[in-house]
């Protein structure tokens, strides 16, 4: 385990001990998982003691490859007795377990607040309480409740972009993924691997559509780091500081894991082999030999070396405004897909760069989980089922999340809010196992090389 994860666990343990006096115990009343599901042991105890994933066997002469998602008992979809229950059956069970306390939802989107009234209207007798938190707050809140035995939350919404949720939280027995079988039949199985998705989102490079009226000016990631003959960058780049934005750092990490694709993209663009120029000397906490002649590492190096001409901005609206203004020549900005709304709302001349080679970006899924030993297990699953459209996709629960920059993953619900369908963006699904194993190394490279460039 990397040192930063050890420190995080020690901090969490200290916080848990301080809350131990709260006591209390939850009862999940959960049906058993089908053999092979492995969500938890009989009696409701977390299946993975301590939450430490097993590593794959070490490659000959090398370090352990790290935890494997595919070999995990938590690799979805996992169907159990809950998965077969209808909305009516879950509703009756939810009424039977009613204890006068609300069904508590820990959400990472303020849009979740908009569903409370509709849910309570459709299911009389059930009271919903939604708390709008950031992703880290949701995770830590649930962790502390489960560790202290004083669980009051029922459902959590979270996004996992680098495997921390899957390996350090989900496998630790802090939550359960509920997979309603009839709804999952309308979702590509690749979207069900790490949890049950509410929707997916991604980030794009934005360009100025007025400056390039015939369409996007580049189609390959290597064009973004091109320089002029005098060594100056061809593009003025705006982005959030990559190492401080986990989703962006995960994207760059994926290039290292998919080095063969990055190398091929270079050769397809320039018609010649990639020259490797990144330094391998330095005070590294890992064995750099495993990254020898890696095209993703080379890309990270070249990108960081343009830092003096980059502008790091933390606000997405300001990032796309810089593209709209394009005051310093050809400009690109990396920002979330939803910022395209500024095109209609503010008249910005902005567009997405789609179908970049070797791939545009990563699909980032917002997932829903049931908190382990929650007080309302049936109501929690009823809410998740209703929120994601119910059997026919017409419950109305998804409506607040159907906006530009979000893609609903059900194949029986039409996406009318995005200028490009999900399959035409050029984004790929994340390999969270590979990203988890490489993320901290990639982050170290970024930080040290960025410091060298500045």
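Please treat every number below as a calculation from the coordinates, not as lab data. Keep in mind it's a predicted model, so treat the numbers as computed, not measured. Don't worry about glycine lacking a Cβ; one is built from the backbone with ideal geometry, like all the others, and counts go over all protein chains shown.
Brief remarks follow.
- Order of 190, 304, 209 under a 10 Å beta carbon neighbour criterion, fewest first: 190, 209, 304
- Footprinting exposure proxy ranking of 156, 452, 112, 262, fewest other C-beta atoms within 10 angstrom first, gives 452, 112, 262, 156.
- The Cα atoms of segment 313-454 give a gyration tensor whose axes a ≥ b ≥ c have a/c of 1.5 or more with a/b no greater than b/c, which makes the shape oblate.
- 367, 175 arranged by Cβ crowding within 10 Å, fewest neighbours leading: 367, 175
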